[in-house]
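Since every read-out is calculated from the coordinates, none of them should be taken as a lab result. Since this is a predicted model, take the numbers as computed values, not measurements. Glycine also receives a Cβ, built like all others from the backbone with ideal geometry; neighbour counts cover every protein chain displayed.
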Amino acid sequence: MEDSSTRSWNGIADDWANHADENDYKNVFLMPQTLALFSDVTGKDILDLGCGEGSYARALSSMGAVVTAVDGSDRLIEIAQERARKYKLKIEWLTKNANLLQGLDDCSFDYVLAAMSLMDVEDYQGSVSEIVRVLRPEGQLIMSILHPSFSGRKCKWWHDGDKRFDHYAVDDYFKKESWKEHVTDKFKNLVIFRHIPLQSFMNPLIEKKLRLVLFKEPKPDEKQLSKSKRLSRLCRVPFFLIMVWQK
Ligand SMILES: C[S@@+](CC[C@H](N)C(=O)[O-])C[C@H]1O[C@@H](n2cnc3c(N)ncnc32)[C@H](O)[C@@H]1O
């Protein structure tokens, strides 16, 4: 079922797929950090929820997992399918809203990966209910999001007289809001950004009796820093948050 999140992301699908290829935050930093959290995935059933152009799904499938990949955008699923075809990977690709995973059975996945997707959904509570439903007992949700302490609408770097980053400012932390913005200046269309405080991400998972087993504000290591200079900003402010929750 379409909603504002799936429509909005469908509108930037092609630009997002091009951006993914050169996104150092993702390719050099977040993806290696996130994939390292999976223990042996051979034969494990994994749902990649909000799969985008499919790079996590392709990586997990290459590592031996049985991957189902879901995204709310038709166009991103089309692109992901095309990209996976090249590598002859067997992945099931489905267009679905995260809050309505009809057709996916209860207790059918060892892992749900939600990589940088749950801060974008319109219906977070509904998405959490569906994740818990499809996870097997002791299955894990591995999620990354923009760190809600530092990604609100008014958050920004302030510069000194020499145009260097001086400090990072945060305001209106408790205000739940959404707004439209370009991801980068290469994007033709705007996409909806959303902000809710950290407690609003945590409490629905706690209420569903999931157990938090890892809470990580990832920082780049020397090797990652040598690959991309701008990652050094993440040594000052943790712009991302990775959590692992167990059913
Ligand atoms: C920031 S992108 C992340 C994509 C991919 N996981 C990655 O890390 O490259 C957010 C993704 O969530 C998807 N998305 C947003 N709202 C959704 C919803 N309600 N249901 C399913 N997918 C959604 C978008 O289409 C997009 O692919």
Defining a contact as two alpha carbons under 8 Å apart and six or more residues distant in sequence, what relative contact order in percent does segment 29-154 show? 25
Could you calculate the contour length gain from residue 156 to residue 217, that is, 0.36 nm times the residue separation minus the distance between their Cα atoms, to one decimal place in nm? 20.1 nm
Using amide H atoms built in the peptide plane, which far-off residues or other-chain residues are under 5 Å from residue 117 H to H? 144
Let me have the 222 nm mean residue ellipticity of the chain computed from DSSP H runs of 4+ only, each contributing -39500 (n - 2.57), with the sum over all residues rounded to the nearest 500. -7500 deg cm²/dmol
Hey, if you put +1 on the Cβ of every Lys and Arg and -1 on every Asp and Glu Cβ in segment 70-163, which of 104, 137, 158 ends up farthest toward the positive end of that dipole? 158
Here the net charge surrounding residue 72, from other residues whose Cβ is less than 10 Å away from its Cβ (Lys, Arg +1; Asp, Glu -1), is -4
Within 10 Å, Cβ to Cβ, of residue 18, how many net charges do the neighbouring residues add up to if Lys/Arg are +1 and Asp/Glu are -1? -4
Counting alpha carbon pairs within less than 8 Å and at least 6 residues apart, what relative contact order, in whole percent, applies to segment 1-77? 38
Net charge dipole size for the chain [Lys, Arg +1 and Asp, Glu -1 on Cβ; Debye, nearest 20]: 540
Going through segment 186-225, which trypsin sites (Lys or Arg not before Pro) have at most 13 other Cβ atoms within 10 Å and a DSSP loop state? 186, 188, 209
Would you work out the charge dipole size for segment 1-105 about its Cα centre, treating the Cβ of every Lys and Arg as +1 and the Cβ of every Asp and Glu as -1, and quote it to the nearest 20 debye? 340
Quick one: helix 124-134 against the long Cα principal axis of the chain, what's the angle to the nearest 10°, folded into 0 to 90? 30
Which of rounded, prolate, oblate describes segment 27-181, given a ≥ b ≥ c as roots of the alpha-carbon gyration tensor eigenvalues and a/c under 1.5 marking rounded, otherwise prolate only if a/b is larger than b/c? prolate
Over the chain, what is the percentage of antiparallel beta bridges among all DSSP beta bridges, to the nearest 5? 50
Distance-filtered residues of segment 7-32 - backbone nitrogen under 12 Å, label point 7 angstrom along residue 63 Cα→Cβ: 31-32
How high is the relative contact order of the chain, in percent, with contacts defined as C-alpha pairs under 8 Å that are six or more residues apart? 19
Using unit Cβ charges (K, R positive; D, E negative) and no other charged atoms, how large, in debye to the nearest 20, is the dipole of segment 1-61 about its Cα centre? 200
Ordered by fewest other Cβ atoms within 10 Å, a rough proxy for footprinting exposure, 92, 138 read 138, 92
Less than 13 Å Cβ to Cβ from residue 109, Lys/Arg counted +1 and Asp/Glu -1: what total charge do the surrounding residues give? -4
Low-density loop cleavage sites - trypsin sites (Lys or Arg not before Pro) in segment 87-156, where at most 10 other Cβ are within 10 Å (DSSP): 88, 90
Restricting to DSSP loop positions (anything but H, G, I, E, B) with no more than 15 other Cβ atoms inside 10 Å of their own Cβ, which chymotrypsin sites (Phe, Trp or Tyr not before Pro) remain in segment 117-189? 173, 174
In whole Hz and in residue order, list the ³J(HN,Hα) couplings for segment 227-240 that follow from phi through the Karplus curve 6.51 cos²θ - 1.76 cosθ + 1.60, θ = phi - 60°; x for Gly and Pro. 8, 8, 5, 6, 4, 4, 4, 6, 7, 9, 9, x, 7, 10
Listed pairs 26/227; 209/247; 154/176; 44/90; 96/180; 44/96 exceeding 18 Å between Cα atoms: 96/180; 44/96
